[in-house]
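Notes to accompany the following structure.
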Amino acid sequence: MTDLRFKNFERIVFFTGAGMSAESGVPTYRGAGGIWREYNYEDYACQRAFEANPEKVWDFHDKRREKVSSCDPNRGHKIVADIQAKIPNTVVVTQNIDGLHQRAGAKDVVELHGSLWRVRCDPHEVNAKRENIVREDFTVPMSPRKCDCGSYWRPDIVWFEDQLDHRVVRRAREAIEECDLLVSIGTSGVVYPAADLPRIAVARGAMTVEINLEDTQVSHMYKHRLRGPASEILALMAG
Ligand code: BV8
């Protein structure tokens, strides 16, 4: 039986999804009570919807800010941060926008889909020079909704049909190319290009583990599939 405990590895990548934050009370996307079951992303979480009705899109994201700010990192988040502190070449690559990895103490988290706690002003023009300003913002509700240039701040989130930031994707690729263990935690693996990234670790012959409550569309590609709540399985691997 392969000993999957973290202490046997030197370059670990944690690849996380909404299931990582489920035990903190943050709703997932597709599971029971999932966001996309209640809200159609085409009305609340895409560039078209934002241009058509920025107030409505901000009302939706303020609800998410309220919810996430009422949640705390769970034991799983803390174990991931703790392992990163103990095994320096540990990188957290997340699809989550909730910032709970960082609140648990994880450093340099690679946020593939952006963050609920960052805003940007794309059309920001100073003296006809376009400059995209991006800044952290932890106000709940988000205020003021408009930048001093008069445009609406936009959540710095990668919505569907948005391109991912190529610099962020490169950081994720580099970490996964070098890892000797990739642990996928709480993701259904249905959204691309994120769902493709763990394949790099498989191709490199790294040890690959999928932690999830149930089988997913991508379970077949993992050497080990550990079933149960993320925090419990992580505690076993941290033993
Ligand atoms: C793009 C931020 C170029 C937003 C998100 C190739 C094939 C098919 C389609 C495409 C393709 N390439 C591109 C596409 C289109 C699209 C896509 O992938 N569509 C899918 C639905 C088929 N991709 C895009 O649009 C991407 N951009 O490609 O740009 C382009 C441009 C124009 C036209 C085409 C292409 C951008 C995608 C990013 C979207 N943003 N999030 C927001 O939050 O508002 S995606 C969002 O869903 C998450 O970030 C995550 O990435 C994804 C999946 O969610 P999960 O995190 O996995 O959560 P889910 O609820 O699904 O699952 C939870 C899992 O946890 C379950 O398995 C459950 O069992 C488990 N679990 C629950 N509790 C626990 C647990 N496990 C353990 N313990 C527990 N306690």
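The values are calculated or read from the model by the stated rules, or taken from the named source; none is laboratory data. Quick caveat: nothing in here was measured; it's all calculated off a predicted structure. Positions of Cβ are generated from backbone atoms using ideal geometry, with glycine treated the same way; all protein chains shown enter the neighbour counts. Areas reflect the complete protein model, heavy atoms only, side chains present, ligands, DNA and RNA absent. Shrake-Rupley method; radii C 1.70, N 1.55, O 1.52, S 1.80 Å.
Numbers below:
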item: Helix 166-178 vs. the chain, principal-axis angle (Cα, 0 to 90°, nearest 10); result: 0
item: Sum of -39500 (n - 2.57) over DSSP H runs of 4+, divided by residues of the chain (222 nm, nearest 500); result: -8500 deg cm²/dmol
item: Sequence-separation-based contact order of the range 116-239, relative, with Cα cut under 8 Å and 6+ spacing, percent; result: 17
item: Taking the chain and dividing mean pair separation by its residue count, relative contact order in percent (alpha carbons under 8 Å, at least six apart); result: 24
item: Projected-area mean, the range 1-98, by convex hull of Cα positions, square nanometres; result: 8.2
item: The chain, accessible area per residue, ligands and nucleic acids excluded (1.4 Å, Å²); result: 49
item: Residue-wise HN-Hα coupling along the range 63-71, computed from phi with Karplus coefficients 6.51, -1.76, 1.60 (Hz; x: Gly, Pro); result: 4, 5, 4, 4, 4, 5, 5, 8, 10
item: Net +/- balance of residues flanking Trp159 in space, Cβ distance below 15 Å, scoring K and R +1, D and E -1; result: -3
item: For the range 114-226, convex hull volume per residue from C-alpha positions, Å³; result: 133
item: The chain: most fluctuating residue of Gln47, Gln95, Gln217 per GNM, C-alpha cutoff 10 Å; result: Gln217
item: Expected-Rg normalisation [2.2 N^0.38 Å, Cα atoms] applied to the range 1-57; result: 1.76
item: Percent accessible area from carbon and sulfur atoms, the range 39-166, protein chains only, probe 1.4 Å; result: 49
item: Two-decimal Rg/Rh across the chain, once Rg and the Kirkwood Rh are taken from alpha-carbon atoms; result: 0.98
item: Among Arg64, Arg135, Arg154, residue whose mean-square fluctuation peaks in a GNM of the chain (springs only between Cα atoms under 10 Å); result: Arg135
item: Among the listed pairs Lys78/Lys146; Lys7/Lys107; Lys107/Lys223, those beyond 24 Å (Cα-Cα); result: Lys78/Lys146; Lys107/Lys223
item: Per principal axis, descending, Cα span of the range 56-189 in whole Å; result: 48, 33, 26
